[in-house]
Amino acid sequence: MTAEDAAVPLLAPDYPIETERLLLRPIDPVGDVDAIHAYLSREDVCAYIPFSPMTREQVVERYRDPKRFRSVLTEGGQALGLAVVLKETGELIGDVLLMWNEPEHRGAEIGYVFNPAHHGHGYATEAARVLLGLGFDGLGLHRIHARIEDLNPASGAVLSKIGMRQEAVLVENEWFKERWSTEVDFAILDREWRALQRP
């Protein structure tokens, strides 16, 4: 056992996390490979995320790295990566990420990617809302943000639905996949999250 394995978790959710229609659980780096590869191998899915379509072998390599996708967080700088599963069928339809990348400012970033076969049903909204709860209620964060491309308004709609506000548009700020990309930034503060939770 390494010192890291023995570290006291600062965020250790009780899995699976259950929503109305979904279960969020740790990613199985063996059993989930085919379902994840089904969407991460697609050009349309990878158009707005940092990496290119992956082979099955690349998916295996990416998701078996315990430092990349953790199920508990023990210190700042780590990321919590979870599989999103349909409660009714057990089918894996996407995965989500809570990146605790600004511990000194009590800040984090969220991200998500879903199989297009399940777009348009509100699943991303339902899962992303869980990430906000884990960040604010679990880690005691002050601010959570998300970054999307302006060419992906559907993702912006997800962020708006969970209560995040658009803060900035960074016009052609990054050379991304052979073109200039315009970044749209969203964020929410802990007090705004708490106000949304009040009946």
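Descriptive notes on the structure:
- For region 86-112, filtering for residues that are more than 14 Å from LEU134 (Cα to Cα) and either among the small types (Gly, Ala, Ser) or surrounded by fewer than 20 Cβ atoms within 10 Å (Cβ to Cβ) (or both) leaves 12.
- Taken over region 28-49, the criterion of being part of a loop (DSSP other than H, G, I, E, B), closer than 26 Å to GLU149 by Cα and under 17 Å from the mean Cα position of the chain (by Cα) is satisfied by ALA47, TYR48, ILE49.
- Just one of the listed residues (ARG165, ARG191) is within 27 Å of HIS121 (Cα to Cα) and among the basic types (Lys, Arg), namely ARG165.
- Extreme residue, farthest from ARG106 (Cα to Cα), among residues of region 173-191 that are surrounded by 15 or more Cβ atoms within 10 Å (Cβ to Cβ) and among the charged types (D, E, K, R): GLU183
- Residues (in contact with a Gly (Cβ under 6 Å, 6 or more places away or on another chain) and basic (Lys, Arg)) located in region 142-190: ARG143
- In region 175-199, residue nearest to HIS142 (Cα to Cα) [restricted to those that are touching a helix residue (DSSP H, G or I) at 6+ places or on another chain (Cβ under 7 Å) and aliphatic (A, V, I, L, M)]: ILE188
- Members of region 85-115 found to be of a type outside the set (A, V, I, L, M) and closer than 21 Å to ARG42 by Cα, listed by number: GLU91, GLY94, ASP95, GLY111, TYR112, PHE114, ASN115
- Candidate set: region 50-85, residues that are assigned to a loop (DSSP other than H, G, I, E, B) and in contact with a strand residue (DSSP E or B) (Cβ under 8 Å, 6 or more places away or on another chain); chosen: the one surrounded by the fewest Cβ atoms within 10 Å (Cβ to Cβ): GLY77
- Of everything in region 149-199 that is in a strand (DSSP E or B) and hydroxyl-bearing (Ser, Thr, Tyr), the residue that is nearest to SER52 (Cα to Cα) is SER181.
- Residue match in region 137-152 (condition: exposed (fewer than 14 other Cβ atoms within 10 Å of the Cβ) and aliphatic (A, V, I, L, M)): yes
Readers should treat all values here as calculations from the given coordinates under stated rules, not as data from a laboratory. It should be emphasised that the depicted structure is a prediction, and the values quoted were computed from it without experimental measurement. No Cβ is skipped: glycine too gets one built from the backbone with ideal geometry, and neighbour counts run over all protein chains shown.
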